Each structure stands twice: as C-alpha cells, then as structure tokens.
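Have a look at the structure below, then the notes.
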Amino acid sequence: MRELLKSCLVIYSLLFGMLAHGELLIEVTSGNDQAVSIAVSPFSWQGDQILPEDPAGIVDNDLNLSGVFKAMPRTSMLSFPVNEAEVYYRDWKVLGANYLVTGQVSQTGPVFTLNYQLYDVIRGKRIDQGGFSGTVSQLREMSHRVSDSVYENITGLTGDFSTRILYVTAQRHSVERTDYQLNYADADGKRTRKVFSSREPILSPSWSPDGTRVTYVSFEQGRPAIYMQELATGKRKKLTNFKGLNNSPVWAPDGKSIAMVLSKDGNPDVYILDLATNKFSNVTSHYGIDTEPDWMPDGKSFIFTSNRGGGPQVYQQAVSRRSNGKFVAEGKPKRLTFEGKFNARAKVFPDGKSIALVHKGQGAAAFNIAILDLDTGRLRPLTSSKLEDSPSIAPGGRRLIYSVQGGEHGELGIVSADGRVKQRLPSAYGDVREPAWGPATSLK
C-alpha cells in the first residue's frame with residue numbers, strides 16, 4: 001500500500017504539477033536597464049555592543065535585488081552622511097544618484113531603534129522619514145521594513161522585502177536515502193530556519209494569512225497526510241490521514257478554513273475543512289481529477305486544476321459557507337484557460353485580476369510560468385526554462401517565485417510580474433522545490 005500511494009502521487013504530479021539547510025543565494029540573471037540610481041549611506045550606531053547586522057547593507061541589497069533600483073557601491077560615495085545636515089545634494093547629483101537614504105541605529109536597554117530618512121536628490125529635499133523599534137534579533141526585520149517604506153514612497157507600490165518564503169530541500173545521499181526538509185527564510189534568502197525534516201517526501205507547503213502557521217503534506221507515516229504547524233512553538237497537528245490522496249492544502253483568506261484535495265470518496269476532489277467545526281465539505285465532484293485549489297481574494301470562490309475537459313486546465317468554482325460550518329458549491333465550475341494543452345498549478349494575484357500558472361503550449365516541449373489576465377483572457381509567458389513548476393506570488397503582487405527543475409540540482413527562480421527582472425536562488429544543500437511566498441514578519 002505504501003509503494004502504491006507513492007506511485008499514485010508521482011503519476012498525479014506528472015499530470016498536474018511535475019513533482020518535484022543552507023541559505024539561498026540570490027543571483028540576478030536578467031536586470032532592468034532603466035533602474036533608478038539610489039545610494040544608501042552606512043547608518044550610524046549608538047550602543048554598548050557591536051552591531052550584529054549592517055542595516056544599510058540590508059536595505060541596499062533589498063533595493064538592488066528589486067530590479068527597480070540600482071544601488072550605488074559604497075566605494076563610489078564621496079561621503080557617508082548620517083543626517084540631513086550632512087547631505088550635500090550637489091555631490092550626489094555629480095555621482096548620478098536620484099535618491100539617497102540615511103539612517104541611525106540606537107540602543108536603550110534591550111530596545112533597538114532604527115530611524116531612516118529618504119531624500120530626492122534631483123529636487124534637493126527630504127521626502128520621507130520614519131523609524132522602527134524591536135529587539136536585536138529583529139534588526140533584519142526592521143531593515144526590511146525600511147526597504148519597504150523607501151520602495152513604496154518612490155514607486156507607490158507595496159514592497160515585499162519584509163515577507164518570507166517557504167521551500168523544501170531534498171538531499172539525496174543514495175538510491176535508498178533522500179533527506180527532505182521544510183524551511184522558511186527572509187525574502188532575500190537569508191536566515192533560513194527549519195520547520196520540519198523527514199526521510200520521506202514533503203509537499204505543498206502553504207502559509208496561514210497571519211504568517212504564524214503553515215500546512216504541508218508529509219509521507220512520514222508511509223502515506224500522505226496533511227499537517228498544520230505553528231512556527232513559533234513547532235507544535236504540529238495532523239489535519240487529515242484518509243486513505244488515498246491528501247494533498248494541496250491552501251488557507252482561505254480569512255484563515256478560518258483550508259481547501260485541499262482528498263480522494264477518500266473515490267476520485268480526487270476539492271474539499272474544504274472548516275477549522276472551527278472540523279467539518280469537511282466536498283465542493284467539486286467529477287469522475288476526472290480535481291486538484292490544486294487556490295482561493296480568490298474575497299474567499300467566495302477558488303480556482304483549481306481539472307482534466308474534466310480532456311487535459312489539465314484551470315477552472316473557477318464559487319462556494320458559500322453555511323452557519324453550521326459546511327461549504328456548498330454554487331453553480332457549475334467555470335473554465336478559465338483555453339490556450340495550450342497544459343495549464344496547471346495556478347495561483348491568484350492579490351488583486352484577483354490575474355493568475356500565474358504552469359503553461360505548456362501546443363507542440364511545445366517546455367513547461368513555463370505564465371500570467372493569465374482574467375478580464376481579457378490574454379496569456380503572457382514570463383519564463384523560458386525547460387521545466388518550471390510551483391509558482392507563488394509575493395503579497396504585493398509584483399514578484400513571483402517558482403521552482404526550476406531539469407538541471408543538476410533543482411533551484412528556485414524569482415521573476416518580476418512584468419518579466420523584466422529574473423533571479424535564481426540556488427542552494428548548496430541539494431534540490432530546492434515547492435516554494436510558497438508568505439506574509440510579512442511582525443515586529444510585535
């Protein structure tokens with residue numbers, strides 16, 4: 001039975017998703033030739049210990065990796081101002097900087113405070129300032145918050161530097177042994193932390209909306225089961241352990257329910273688990289395979305992959321929740337994808353206007369990440385590797401993370417929503433796969 005379930009999952013993944021310790025190193029593979037020049041001066045420090053982080057360096061790296069900005073090297077700076085009185089706009093204009101960031105870090109007992117200022121060099125004026133407080137262990141979070149603030153003030157768009165990513169690493173030691181580990185890290189690939197490890201596969205990680213819990217599929221007991229785990233305490237709870245498939249858990253926007261795929265009643269269908277009542281509701285029913293759900297932002301419908309039309313395509317199903325905790329399907333599913341013979345693993349953008357998916361065109365050999373505009377039906381390819389999978393969208397909607405398979409080792413890729421900026425996140429610890437982009441960290 002154990003080997004049968006593993007075989008079923010491999011076939012299932014080939015149909016719809018291509019199954020697929022150490023910090024991730026972000027490598028820029030395609031940049032933006034119209035990036036805006038910005039300088040981040042080293043922040044001043046007042047405290048009774050050596051500062052364990054370089055906040056200005058973190059901000060510099062965040063903005064540089066965004067693709068929107070080109071950070072000025074410190075070796076090119078004529079001075080290192082720490083406040084507005086020390087800013088000489090003419091010098092920064094000569095250097096070609098459009099914007100300048102200064103900052104100060106101070107310590108009062110266990111509390112660290114990080115203040116920053118943003119200057120428009122061309123207009124010769126300060127345009128923003130602010131600050132964050134936390135513990136010494138939160139210096140990176142505070143630095144990422146500065147990056148978010150700078151990015152939003154200049155572009156008008158929400159930054160995602162203070163968010164986190166989940167991913168699975170797989171290190172193969174021999175034919176008989178592969179070690180799997182679920183990790184999470186900052187959006188820049190730093191501060192990797194282990195969630196769970198096993199000698200059996202780990203699949204389909206998903207964040208709770210508040211970022212305090214995750215769900216995932218584990219084969220640790222010989223067959224797939226869905227678990228929920230608190231990040232702060234490590235406390236785990238088994239949500240499902242039915243015979244057959246238990247797969248693709250994804251949290252509803254309100255955090256009160258989880259959509260998932262179960263085959264306990266026959267064919268794989270989408271079910272919704274109400275966390276308050278622990279009731280399961282079957283919300284798709286077809287003799288084909290229904291899988292890979294993802295919620296629309298309003299929580300009133302979800303998208304999913306199905307082969308009910310002859311091949312893997314993406315559909316949308318409206319649902320409503322009854323007072324007793326049961327969910328009911330409203331009407332028939334609506335097909336969303338028509339271009340190409342394979343469209344799967346779809347994820348919804350935060351505004352609900354587009355979806356990212358794995359696409360294979362007619363006659364094409366590659367599986368690539370693409371974006372479908374739900375209003376126009378226009379499908380726009382974003383990437384061009386041979387085998388790409390598992391797209392996940394940053395909370396701000398401006399970047400996507402996905403897995404890249406087919407090489408010596410699986411890697412993660414990041415691409416901007418316009419396709420102009422591309423990055424790779426390799427790991428020294430085996431294959432990297434199954435990414436999930438989560439919400440921002442908390443400074444509380």
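The values are calculated or read from the model by the stated rules, or taken from the named source; none is laboratory data. Treat the numbers as computed from the prediction; the structure is a model and nothing was measured. So basically every Cβ, Gly included, is an ideal-geometry build from the backbone, and we count neighbours across all protein chains shown. Heads up: the accessible areas ignore ligands, DNA and RNA and are worked out on the full protein's heavy atoms, side chains in. Shrake-Rupley method; radii C 1.70, N 1.55, O 1.52, S 1.80 Å.
Tabulated data
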item: Equivalent ellipsoid dimensions for region 166-210 as semi-axes, Å, which come from the Cα gyration tensor, largest first; result: 22, 12, 7
item: Cα-based radius of gyration of region 94-148 once divided by 2.2 N^0.38 Å, which approximates compact folds; result: 1.30
item: Cα gyration tensor shape for region 169-303, rounded if a/c is under 1.5, else prolate or oblate; result: oblate
item: Of 237/332; 238/326; 238/264, pairs whose Cα-Cα distance is over 23 Å; result: 237/332
item: Over 27 Å (Cα to Cα) - which of 279/347; 190/360; 235/256; 70/353; 190/235 fall in this group; result: 190/360; 70/353
item: Whole-number D in µm²/s for region 351-436 (Stokes-Einstein; Kirkwood sum over Cα pairs; 10 °C, 1.306 mPa s); result: 120 µm²/s
item: Normalised convex hull volume, region 150-226, alpha-carbon set, Å³ per residue; result: 110 Å³
item: For region 109-120, 3J(HN,Hα) per residue [Karplus equation, 6.51 cos²θ - 1.76 cosθ + 1.60, θ = phi - 60°, Hz, x = Gly/Pro]; result: x, x, 9, 10, 10, 10, 10, 9, 9, 10, 10, 8
item: Accessible area of the chain divided out per residue, in Å², using a probe of 1.4 angstrom; result: 43 Å²
item: Convex hull volume of region 317-397 per residue (C-alpha atoms, cubic angstrom); result: 123 Å³
item: Shape call, region 252-299: gyration tensor on alpha carbons, a/c limit 1.5; result: oblate
item: Region 116-195: relative contact order in percent, alpha carbon pairs under 8 Å with at least 6 residues between; result: 17 percent
item: Cα point-scatterer Debye curve for region 256-413, base-10 log of I(q)/I(0) at q = 0.08, 0.14, 0.15, 0.21 Å⁻¹; result: -0.24, -0.72, -0.81, -1.37
item: Rounded percent of accessible protein surface that carbon and sulfur make up, region 264-319, 1.4 Å probe; result: 45 percent
item: Sum of -39500 (n - 2.57) over DSSP H runs of 4+, divided by residues of the chain (222 nm, nearest 500); result: -3500 deg cm²/dmol
item: For the chain, size of Cβ-based charge dipole, Lys and Arg +1, Asp and Glu -1, in debye; result: 1260 debye
item: Charge dipole (region 283-433, unit charges on Cβ, about Cα centre) - positive-most of 296, 325, 402; result: 325
item: With all protein chains modelled, accessible area of residue 72 [1.4 Å, Å²]; result: 20 Å²
item: Length gained when the stretch residue 179-residue 307 is fully extended (0.36 nm per residue, less Cα-Cα span); result: 42.9 nm
item: Distance cut-off 43 Å, percentage of C-alpha pairs in the chain lying past it; result: 17 percent
item: Accessible area of region 135-194 belonging to carbon and sulfur atoms, whole % at 1.4 Å probe; result: 44 percent
item: Region 112-197 pair-distance distribution - Cα-Cα, 10 Å bins, rounded %; result: 16, 32, 25, 15, 9, 3, 0
item: Electrostatic dipole magnitude of region 241-365 [Cβ: Lys, Arg +1; Asp, Glu -1; Cα centre; debye, to 20]; result: 160 debye
item: Evaluated over region 199-252, the Cα radius of gyration and Dmax, each in Å; result: 10.8, 31
item: Candidates per trypsin sites (Lys or Arg not before Pro) in region 368-433, loop by DSSP, up to 16 other Cβ within 10 Å; result: 378, 386, 420
item: Highest average packing first - 335-341, 88-94, 178-184, Cβ atoms within 10 Å; result: 178-184, 335-341, 88-94
